[in-house]
Amino acid sequence: MNKPFALDALSVIEEIESQEHEEDVLAIFYKFITKFGFNSVLIGQLVNPILKQKSDLPIALSTWPDEWSERWLKEKYIIHDPITQYLLKSRKPFLWSTAHAHATKFGKKIVNESRDFNFKDGIVFPISTGTGPLGCISIGADIVDLQPKDLAILELVAIHCYMHLEKLTGQDEHSSMINLSKREIEVLHYVAEGKTNWEIASILHLSEHSIKEYLHNASQKLNSTNRAHSVSLAIQRGYIIP
Amino acid sequence: MIEIVDQENRAKYTDEIEAMFRMRYKVAVEGWKWNIPNVTPGYDKDQFDTDDTIYFLAYDDERNLIGCGRLNPTITPHLLSDVFAEQCDFEGIPQEKDIFEFSRFIVDKGSLTHSQAVQYNLEICLAVTEYSVANGINQLTWLAYKSMYTKSVVLWKTRPLGAPKYYEDDDSTYIAAIIDTTPLAVKRIRRFCRASDPKIVCLGSNGMNKKLPNASRARKRLVRA
């Protein structure tokens with residue numbers, strides 16, 4: 001690895017992590033990527049827009065034109081955008097053009113609309129701390145022409161940038177982690193299937209009182225208001241799969 | 001519960017360490033497809049499992065071994081210096097008395113839920129950090145999966161030692177990193193794993209008795225086995 005490149009990456013990481021405001025993080029990251037020929041950036045958390053309101057999106061920073069940002073959010077393009085679709089199954093950085101090649105019919109329409117805003121090609125860095133992606137940093141350029149060492153440096157800086165934003169917004173995965181017990185998850189799973197407490201008690205060979213206790217504890221941990229809300233939150237947090 | 005094994009209590013942990021070698025093979029070699037040269041089938045013990053190695057063993061309530069990690073001094077041969085030196089292509093391999101290498105960080109997910117596995121991961125991270133703070137180890141180097149590197153950015157001050165490198169054997173990208181083990185990091189990891197309960201780290205050795213600045217404070221938080 002070329003030393004100046006490495007030192008450049010280390011100094012920009014240091015600079016990013018000393019910032020206290022999201023906008024400043026974005027500005028430093030943007031300035032850094034322009035050196036590699038990029039001209040737009042989106043830093044986004046991957047959420048299900050049906051379950052989350054726009055105002056709940058903790059990380060959504062971009063240099064996109066307002067009109068395109070608003071349309072993308074309002075029309076829930078996140079669901080059909082080939083980039084978000086590809087992000088769900090990719091752990092490695094990928095080109096927009098690679099994702100575009102897998103677009104659905106509606107996805108192609110989104111890509112065509114984005115051309116009106118001068119989006120041409122770009123690269124996406126999936127950010128993950130475990131099983132699925134938390135979100136991504138997507139940077140755009142007229143033409144992507146990166147050497148492997150550039151890609152490596154950009155990926156490292158992207159990771160630090162995204163995670164620092166999570167720290168700043170208090171959205172880090174573990175700070176919101178709730179430790180449901182195995183039994184509580186099991187009970188919620190049967191609630192999601194429409195079973196009554198009596199039925200769950202019979203299946204698990206426990207008393208109805210115990211089932212109520214498990215649900216009460218789960219509800220407290222999830223901060224939910226009723227059974228349906230508990231199930232909804234457990235699904236959102238990935239404890240049970242609908 | 002995490003139990004820490006070092007030179008002073010090694011003799012009491014012979015069976016547990018043997019079980020750890022078998023678990024490491026099962027999870028890392030069979031499960032994660034790590035390509036460890038000359039590994040004995042069923043038993044992952046390498047040249048860096050030495051008398052100086054400090055082990056962290058994670059147990060569940062029934063004392064089944066769930067996870068492990070190990071620390072080695074960097075002033076003697078270790079994984080990054082001898083096997084993965086090419087991963088440290090920024091400014092070389094840190095080798096200092098107060099820098100140890102963290103490796104074989106493994107959690108046997110088995111039938112655990114995702115959140116349970118995350119919890120064991122964090123508890124090992126906490127134990128390793130607390131041990132380091134109490135024993136004058138100021139930094140740790142490690143070769144991390146990209147996802148673990150990403151997580152480590154939140155837990156510790158983390159800096160890359162080299163560019164990310166992809167390995168076909170296990171279809172994974174690794175990043176060599178150096179992390180600062182500070183009381184602030186301990187506080188942060190404690191918050192993440194909700195470790196207000198001091199039983200979470202159980203020290204089965206005299207490791208905390210060494211005369212170091214933070215030792216007395218750390219000792220209060222730990223329960224001796």
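Which value in deg cm²/dmol, rounded to the nearest 500, describes the helix-derived mean residue ellipticity at 222 nm for chain A, given -39,500 (n - 2.57) per DSSP H run of n ≥ 4 and division by the residue count?
-16000 deg cm²/dmol
Who wins for biggest fluctuation among B:A177, B:A85, B:A144 in a Gaussian network model of chain B, springs between alpha carbons below 10 Å?
Top of the fluctuation ranking is B:A85.
Within the set A:K35/A:K149; A:K35/A:K120; A:K167/B:K157; A:K149/B:K151, which residue pairs have Cα atoms separated by over 20 Å?
Correct reply: A:K149/B:K151.
On full extension of the chain, what length is gained from B:D52 through B:D171, given 0.36 nm per residue of separation minus the C-alpha to C-alpha distance?
39.7 nm
Estimate the FRET efficiency between B:K26 and A:D142 by the formula 1/(1 + (r/R0)^6), using the beta-carbon distance for r and 41 Å for R0, to the nearest 0.05.
Taking R0 as 41 Å, the efficiency between B:K26 and A:D142 is 0.25.
How high is the relative contact order of chain B, in percent, with contacts defined as C-alpha pairs under 8 Å that are six or more residues apart?
Contact order relative to length: 23 percent.
Neighbour counts of other C-beta atoms within 10 Å: give me A:S97, B:S152 arranged from fewest to most.
The most exposed by this proxy come first: A:S97, B:S152.
How far is helix A:182-192 tilted off the main Cα axis of chain A, in degrees rounded to 10, range 0 to 90?
80 degrees
Could you check the simple spin-label distance between B:E86 and A:E213, using points 7 Å along Cα→Cβ, in nm with one decimal?
5.7 nm
Roughly how many whole Å is it from the C-alpha centroid of segment B:51-86 to that of segment A:202-216?
Each part's Cα centre sits 41 Å from the other's.
Using the beta-carbon distance between A:I203 and A:L88 and R0 = 35 Å, what value does 1/(1 + (r/R0)^6) give for FRET efficiency, to the nearest 0.05?
That pair, A:I203 with A:L88, gives E of 0.60.
Please check: in the Gaussian network model of chain B (C-alpha springs, under 10 Å), which one of B:N121, B:N138, B:N35 has the largest mean-square fluctuation.
Taking springs between Cα atoms under 10 Å, the residue moving most is B:N35.
Specify the residue with the greatest mean-square fluctuation among A:W64, A:W198, A:W96, computed from a Gaussian network of chain A linking alpha-carbon atoms under 10 Å apart.
A:W198
Pull out a ≥ b ≥ c, the square roots of the eigenvalues of the alpha-carbon gyration tensor of the protein assembly as shown, then state rounded if a/c is under 1.5, prolate if not and a/b is larger than b/c, and oblate in the remaining case.
It comes out oblate by the Cα gyration axes.
We did not get these values from a lab; they are worked out from the coordinates using the rules stated. From a predicted model like this one, the values you see are computed outputs, not experimental measurements. No Cβ is skipped: glycine too gets one built from the backbone with ideal geometry, and neighbour counts run over all protein chains shown.
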